[in-house]
Amino acid sequence: MALKLIKLVFKFGRLLALTPAKIEQNGLVFPSKIYALLWIILFSTGVSISAIYRKASYEKLSPVILIIQVATDTVLFILNISTIIITATKRHQWNRFINILKYLKNSNEKGDLFWFFPFLLTNVIFVVRLTYYTYIGAQTMGVDFFKLYAVEYFQFYAQFIVYYLIYEFLSLILNGFTDLSKTMCKLLKMRCNRLHKLSFKKLKSDFCALAECVEIFNNTFAWLLLLSMGFTALQPLAYMQYLISGKRNSIPIIIHRIMFITWHLVGTFNGVFICDLTEQRVKAMRMVAYQTVANFDGEKEVEELKKLINVINDNFPHFTAARYFDLNRKTILGVFNAFFTFLIVVIQFETMHN
């Protein structure tokens, strides 16, 4: 069911060269890279034209807000381009990731008639939010709004695809470790040593496969997640400054900004929460194994458990943001701490400027 959903996301992402052109096939590598290059050119051209139109409005901004806005636009553009480049250059890792998940997928998994509903619902929310954004922009700026911000429709949808893929892949990894934990607990309740030995061997093999998935995820999505966190921290700074200073504030605009901030906070930090939950799940699994080793009398069972513990310790899943820092709940607190600290600095500079 989850893999069906990922394939559906791939079909949408493929239109913007955000996902591999073909999964499990090796025939269209060169054309897909040309298509990726085409979208890089289109994104670059669109952002450049938009920047020219925005120049007049940017000149009216205070120096601090101007720096924040330019940094935000730059991070979003780098995120879009990086997604296309990573897709084009790491296609084999995508294939390896999908193949491992297929191998670990529960064969008894039942089909669901509404398996596509989560993706459909989030698309509807995205369209509603963007429609409201368009309504407000067209009312305040008229046709000029589309000259300034039309390219963002593609940029934000590309970012949405990244959000959703990160969420789905992390959810599959989390579910995989959860299933392994349940399997281990069932094995510990059994007393057939032969079955233990064969079952623990598969358990160790599946754990290593999931650990490889984590490594592929870090190599593929960690940089994109870091950029998403940067964008999520920067854009609300300007919005919060407007809210505090009272500039350009009306009820519809305030509603839009709250929707915008909430959307990106959920999209970015939802993945961080899953990373933290995955590590906690594996730690709990390891703790059960340690406790069982301390209580077991059977030497063969203890030996298999010790081997499993060694496998867990050697392949413990660590999620990182491009290897700059670990992804866990402390990361969220750190981002909010930096956000509010910088917000205070921005307000002080704005006060001095005015």
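Of all the options VAL128, VAL47, VAL70, the one that moves most in a Gaussian network model of the chain with Cα springs shorter than 10 angstrom is VAL128.
In terms of its alpha-carbon gyration tensor, the chain comes out prolate; a/c meets the 1.5 threshold, and the first ratio a/b outweighs b/c. If the segment from GLN139 to ILE344 were pulled out straight at 0.36 nm per residue, it would be longer than the present Cα-Cα gap by 70.6 nm. Label zone (LEU15, point 7 Å along Cα-to-C-beta; backbone nitrogen cut-off 20 Å) within segment 65-80: 80. For segment 73-174, GluC sites (Glu not before Pro) are listed when DSSP marks them as loop and at most 13 other Cβ atoms sit within 10 Å of their Cβ; the list is GLU109. The local environment of GLY334, defined by Cβ-Cβ distances under 15 Å, has a net charge of 0 under the rule Lys, Arg +1 and Asp, Glu -1. Taken along the Cα-to-beta-carbon direction at a fixed 7 Å, the label points for ILE49 and LYS202 span 5.7 nm.
Highest GNM mean-square fluctuation among LEU187, LEU170, LEU198, for the chain modelled with Cα contacts below 10 Å: LEU198.
If you plug the beta carbon distance of ASN313 and TRP115 into 1/(1 + (r/R0)^6) with R0 = 41 Å, you get a FRET efficiency near 0.65. Taking 0.36 nm per residue of separation and subtracting the current Cα-Cα distance, fully stretching the chain between ARG96 and LEU61 would add 7.9 nm. The simple spin-label model puts a point 7 Å past each Cα toward its Cβ; for ALA150 and VAL128 those points are separated by 2.8 nm.
For segment 2-353, the relative contact order comes to 24 percent (Cα pairs under 8 Å, sequence separation of at least 6).
Rule-based calculations on the coordinates, nothing more; no lab input. Predicted model, so just to flag it, every value in this text is computed and none were measured. So basically every Cβ, Gly included, is an ideal-geometry build from the backbone, and we count neighbours across all protein chains shown.
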